[in-house]
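The values are calculated or read from the model by the stated rules, or taken from the named source; none is laboratory data. Here the structure is a predicted model, which means the values were calculated and not measured. For neighbour counting, all protein chains shown are included, and Cβ atoms are generated from backbone atoms with ideal geometry for every residue, glycine included.
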Amino acid sequence: MTELAPDFELANVGPGPDPCSLGALAADNEFVVLLFQRDFYCTNCRKQVQAVKERYDEFEARDAVVASVLPEERDRAAEWQERYDLPYPLLADPDAIASDAYDQPVRFGILGKFSDFLGRMPEAVVVDTRGNEPTVAWSYAGSSTFDRPAIDDLLAELERLREAGTTATDDA
């Protein structure tokens, strides 16, 4: 069974609408790639957003928009945007609303829930927006700060989904 993608509305400090919702991201793209980050200080998260920036045209060529979700306040997320000048939305999710809705993995039980630094792990989600309702087409839940899909893996998954055609939720 296909899982519907939860909608959200978060502050956006990067390009695109502010506030930004899944619906707004889906409006002009066949796919939305959500990159759920660990926290502001995570060096692997910082490397990931910069690597996506360097190859963002490859995502656009696959009719995909990337949005990075940082579990921080707007001002903190804005520091990343000032430093990295990302060409895609950078969403502030200080209350982990979207992160929780997409089941971003958290280690160490209640302690991990209390502290993003201790518990939150990276996650990547591809939302297919070609059907009547956006659906989660693919996800990757990291088990450590290093465990995240490579850019080539994300692009290959987008290609696979494009080649597979429209989603099962289409009325066609």
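Listing for the model above:
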quantity	calculated
Residue in the range 54-77 that is modelled with the lowest pLDDT, counting only those that are touching a strand residue (DSSP E or B) at 6+ places or on another chain (Cβ under 8 Å) and hydrophobic (A, V, I, L, M, F, W, C)	70
Hits in the range 1-36 (condition: among the charged types (D, E, K, R), over 15 Å from residue 125 (Cα atoms) and at pLDDT 95 or above)	9, 18
Tally, over the range 65-98, of residues that are outside any helix (DSSP H, G or I) and of a type outside the set (Val, Ile, Thr)	18
The range 31-59, residues that are more than 16 Å from residue 76 (Cβ to Cβ) and crowded, with 18+ Cβ neighbours inside 10 Å	31, 32, 33, 34, 35, 48, 52, 59
Count of residues meeting criterion [polar (S, T, N, Q), under 30 Å from residue 28 (Cβ atoms) and either outside any strand (DSSP E or B) or at pLDDT below 75 (or both)] in the range 99-152	4
Pairs with Cβ under 7 Å, 6+ apart, first in the range 34-45 and of a type in the set (Asp, Glu), second at pLDDT below 95 and not in a strand (DSSP E or B)	39/71; 39/72; 39/116; 39/117
Pairs where the first residue, in the range 140-160, is free of Cβ contacts under 8 Å to residues at least 24 places away in the same chain and the second is assigned to a helix (DSSP H, G or I), C-beta under 8 Å, 6+ apart	140/153
The range 5-24 residues that are within 11 Å of residue 74 (Cβ to Cβ) and free of Cβ contacts under 8 Å to residues at least 24 places away in the same chain, paired with ones that are assigned to a strand (DSSP E or B) and among the small types (Gly, Ala, Ser) (beta carbon under 8 Å, 6 or more apart)	18/11; 19/11
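For every residue, the table says whether it meets (1) part of a loop (DSSP other than H, G, I, E, B); (2) among the aromatic types (Phe, Trp, Tyr).
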position	(1), (2)
10	no, no
15	yes, no
23	no, no
29	yes, no
34	no, no
41	yes, yes
45	no, no
48	no, no
51	no, no
